[in-house]
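First the structure, in the form of structure tokens, and then the observations on it.
Where a number appears in this text, it was derived from the coordinates with a stated rule and is not lab data. None of the values given here were measured: they were computed from a predicted structure. Methodologically, a virtual Cβ is constructed for each residue, glycine included, from the backbone with ideal geometry; neighbour enumeration extends over all protein chains shown.
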Amino acid sequence: MPTALITGITGQDGSYLAEFLLGQGYQVIGMVRRASVVTLDRIEHIQDKITLVQGDLLDQICLVRILQEYRPDEIYNLAAQSFVPTSWHQPILTGEVTALGATRMLEGMRTVLPSARYYQASSSEMFGKVREVPQSESTPFYPRSPYGAAKVYAHWITVNYRESYGLHATSGILFNHGSPRRGLEFVERKISHGVAAIKLGLADNLPLGNLKARRDMGFAGDHVRAMWLMLQQEKPDDYVVATGETHSIREICEVAFSRLGLDYEDYVVRDERFFRPAEVDLLVGDPSKAGRVLGWEPVVTFTELIHMMVDSDLKLLQSGVQMPDVTEMTTLKRR
């Protein structure tokens, strides 16, 4: 039975990846940070099937100990300070976790398990002020946030460890991907949750920022399948994972509100607080290499994804679950 270590297992991607790997017959080890309150909601349904271990990308010694004890065949580094607006308020922490955290894990792998296979969660945010449209594996990076810059470092250090030490280290450059498990601070989830709240009479309007911003948007469940396929290849490489289509925030609103028989123009209000200090340009990925080499393609369509999220949030709010107020923390972000 192969063993996989997932950092960031309690996040959206980590939970879907854990589910997928269990279905493939893996023993799954999930690394979680020590905290007074550990949020396990996304993996509660599989918690008895996985092994959770405390660890932190800031702590080199603990990473080495985890690798020594569990000796995973595959390492999926999904943990990061991954919210773009927070990276502007905490740029040093973002660099420590998102950039140097990847270095610590790679160095641990080099010294303890050089035969393992490593996946680095790179991001379309690395393209930022895009040099070409669509973006491929050869498109130059021009990050527009501390998060994007940190991801560029993590991406290139992965390439360096691969080329310098012969490690099977691969980066997946994932474009925006959502799901019902998306954090409420991300705009697509804010919209699906806001629509449901308005439908149920729990909210009067939905404040948003730049409705013209366009993004390549896929389903997280499809994207984690691509991660696994990358580590099954004989040689490590880098791959763009995307749908190849773009949709504006306005389109997300149109599809989400119409799902519940509402007109977004009656409820969406423009709020300057949700505009970025430096907006990225048109992010749309060219997934042709992933299709050609990995045999990967997305299954869930844009409309199906938004409907899935709206339906889930409507059910969630109807159940009486109390959700936090996300008014102060929403913007658009890509992984």
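Please verify whether Asp48 is out of contact with any Cys (no Cβ under 8 Å at 6 or more places or on another chain) and either of a type in the set (A, V, I, L, M, F, W, C) or more than 15 Å from Trp228 (Cβ to Cβ) (or both), treating the condition exactly as stated.
Working: out of contact with any Cys (no Cβ under 8 Å at 6 or more places or on another chain): yes; either of a type in the set (A, V, I, L, M, F, W, C) or more than 15 Å from Trp228 (Cβ to Cβ) (or both): yes.
So Asp48 fits the description; yes.
Quick one: which residue in Thr39, Thr3 is surrounded by 15 or more Cβ atoms within 10 Å (Cβ to Cβ) and not aliphatic (A, V, I, L, M)? Give the steps one after another, and end with the answer.
On the way: Thr39 fails: surrounded by 15 or more Cβ atoms within 10 Å (Cβ to Cβ).
Within the list Thr39, Thr3, the selection yields Thr3.
Could you tell me how many of the residues in region 34-55 are without any contact (Cβ under 8 Å) to a residue 24 or more places away in the chain and not in a helix (DSSP H, G or I)?
5
Return the pairs, sorted by first residue and then second, in which the second residue is in a helix (DSSP H, G or I) and of a type in the set (D, E, K, R), the first residue lies in region 304-319 and is under 14 Å from Ile252 (Cα atoms) and without any contact (Cβ under 8 Å) to a residue 60 or more places away in the chain, the beta carbons are less than 7 Å apart, and the residues are 6+ apart or on different chains.
His307/Arg259
Let's see how each residue does on (1) surrounded by 15 or more Cβ atoms within 10 Å (Cβ to Cβ); (2) in contact with a strand residue (DSSP E or B) (Cβ under 8 Å, 6 or more places away or on another chain):
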| site | (1), (2) |
| --- | --- |
| His45 | no, no |
| Leu58 | no, no |
| Val64 | yes, no |
| Arg71 | no, yes |
| Ile75 | yes, yes |
| His89 | no, no |
| Thr98 | yes, no |
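Within region 65-133, which helices (runs of 4 or more DSSP H) (wholly inside it) include 1 or more residues that are more than 22 Å from the chain's Cα centre (by Cα) and among the polar types (S, T, N, Q)? Working first, answer last.
Working: elements: 84-89, 91-94, 100-112.
Ranges flagged: 100-112.
Does Gln68 satisfy being under 18 Å from Asp13 (Cα atoms) and of a type in the set (S, T, N, Q)?
Values: under 18 Å from Asp13 (Cα atoms): no; of a type in the set (S, T, N, Q): yes.
In short, no.
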